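Step one of this worksheet: look at the structure below.
The values are calculated or read from the model by the stated rules, or taken from the named source; none is laboratory data. Only a predicted model underlies this, so the values are computations on that prediction, with no experimental measurement involved. No Cβ is skipped: glycine too gets one built from the backbone with ideal geometry, and neighbour counts run over all protein chains shown. Remember, those area values only see protein heavy atoms, side chains included, never the ligands or the DNA or RNA. Shrake-Rupley method; radii C 1.70, N 1.55, O 1.52, S 1.80 Å.
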Amino acid sequence: MFIIPPYIRFALIAAGILGGTALWIAFGFWYGFPFLLAGLILLAGYVFLGTVGPAAQAVQAQDFNRGEQLLNLTLKPEWLYSANRAFYYMMRGTIALSRKDLNAAEGYLKQADAIDVPTANEKAMLKLQLAQIEANRKNFPAAKKYLKAAKETNVKLPQIVEQIDMLDNALKQSGQVKAAQRMGKQGHQMMSRGGKRRRPKGR
């Protein structure tokens, strides 16, 4: 998919609209119309698609600062086409996660979750990220709930399936550890109660 870098898009928008308007004034409407139309189409693309495409390339390359800079160039996230709006918030959440800001990440990812994410891969990744946040907080019931939702997307991408399996195993182990800790604590309490014996009276 061909992606126009934001600043090149801005230059083309300005050239199309200003150049088209100048030609319209100088030679007539039909001379300027193609340039005006091209500029307006590029402007509409910027408003309704934002800078999600270029930002996605930066985030995939793990260049989170660059990704954030590109997302900041989006005019109004709420004006974006629904799929792009979901991706916008998902990338914001991913960037926040990379900085260990769990509260901000959760907020952005829940905004994305409120939108109909278009593909199984993105749905699974979104639920998986929310599950990881809850696991980091040791809120294991919530983590298992999100993980179950990730599994129900029937995602086939090997990388995501592997991450789901890894988190699933980690949550199972955490449950076993907690159960063992409870049993150990109960056993200690029973032994403590059983160990309280009356001292024989001294003669």
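Quick check: anything in region 62-75 without any contact (Cβ under 8 Å) to a residue 12 or more places away in the chain, small (Gly, Ala, Ser) and on the phi < 0 side of the Ramachandran plot?
There is no residue in region 62-75 that is without any contact (Cβ under 8 Å) to a residue 12 or more places away in the chain, small (Gly, Ala, Ser) and on the phi < 0 side of the Ramachandran plot.
Of the residues that make up region 115-135, is at least one hydroxyl-bearing (Ser, Thr, Tyr) and within 15 Å of the chain's Cα centre (by Cα)? Step through it out loud before you land on a result.
Filtering region 115-135 for residues hydroxyl-bearing (Ser, Thr, Tyr) gives 119.
Within this subset, residues satisfying the condition of being within 15 Å of the chain's Cα centre (by Cα) are 119.
Among the residues of region 115-135, at least one is hydroxyl-bearing (Ser, Thr, Tyr) and within 15 Å of the chain's Cα centre (by Cα), which makes the answer yes.
May I ask you to list the residues in region 59-79 that are surrounded by 19 or more Cβ atoms within 10 Å (Cβ to Cβ) and modelled with pLDDT of 95 or more?
First, the residues of region 59-79 that are surrounded by 19 or more Cβ atoms within 10 Å (Cβ to Cβ): 59, 67, 70-71, 74.
Listed by number, the residues that qualify are Gly67, Leu70, Leu71, Thr74.
This table checks each residue for (1) of a type in the set (A, V, I, L, M); (2) assigned to a loop (DSSP other than H, G, I, E, B); (3) farther than 21 Å from Ile8 by Cβ.
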residue: Leu36; (1), (2), (3): yes, no, no
residue: Phe48; (1), (2), (3): no, no, no
residue: Gly53; (1), (2), (3): no, no, no
residue: Ala58; (1), (2), (3): yes, no, no
residue: Glu68; (1), (2), (3): no, no, no
residue: Tyr88; (1), (2), (3): no, no, no
residue: Leu109; (1), (2), (3): yes, no, yes
residue: Pro118; (1), (2), (3): no, yes, yes
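Cβ-Cβ distance below 7 Å, separation of 6 or more or different chains: which pairs start in region 110-122 with a residue that is farther than 19 Å from Leu157 by Cα and end on one that is of a type in the set (S, T, N, Q)?
Taking only residues 6 or more apart or on different chains, the pairs are Ile115/Ser82; Asp116/Ser82.
Could you list, in sequence order, all residues of region 1-58 that are buried (at least 18 other Cβ atoms within 10 Å of the Cβ) and on the phi > 0 side of the Ramachandran plot?
Matches in region 1-58: Gly50 only.
Looking at Ala14, Ala22 in this structure, which one is part of a helix (DSSP H, G or I) and within 21 Å of Trp79 (Cβ to Cβ)?
Ala14
Might you check whether a residue that is touching a Phe, Trp or Tyr at 6+ places or on another chain (Cβ under 8 Å), part of a helix (DSSP H, G or I) and over 20 Å from Ala55 (Cα atoms) occurs anywhere in region 134-154? Give the derivation first.
If we filter region 134-154 for residues that are touching a Phe, Trp or Tyr at 6+ places or on another chain (Cβ under 8 Å), which is where we start, we get 134.
From the residues that got through so far, the ones that are part of a helix (DSSP H, G or I) too are 134.
If we keep only those that are over 20 Å from Ala55 (Cα atoms) too, we end up with 134.
Looking through region 134-154, at least one residue is touching a Phe, Trp or Tyr at 6+ places or on another chain (Cβ under 8 Å), part of a helix (DSSP H, G or I) and over 20 Å from Ala55 (Cα atoms).
Against the definition (under 19 Å from Arg85 (Cα atoms) and either out of contact with any strand residue (DSSP E or B) (no Cβ under 9 Å at 6 or more places or on another chain) or not in a helix (DSSP H, G or I) (or both)), how does Gly32 come out, yes or no?
Working: under 19 Å from Arg85 (Cα atoms): no; either out of contact with any strand residue (DSSP E or B) (no Cβ under 9 Å at 6 or more places or on another chain) or not in a helix (DSSP H, G or I) (or both): yes.
No, not satisfied.
For Lys123, only one of the following conditions fails: (1) more than 16 Å from Tyr89 (Cβ to Cβ); (2) among the charged types (D, E, K, R); (3) open to solvent by 60 Å² or more (accessible area, probe 1.4 Å). What is its number?
Failed condition: (1).
For region 83-110, which residues satisfy the criterion of being within 20 Å of Phe48 (Cβ to Cβ) and in contact with an Asp or Glu (Cβ under 9 Å, 6 or more places away or on another chain)?
Within region 83-110, Ala83, Arg85, Ala86, Phe87, Tyr89, Met90, Met91, Arg92 qualify.
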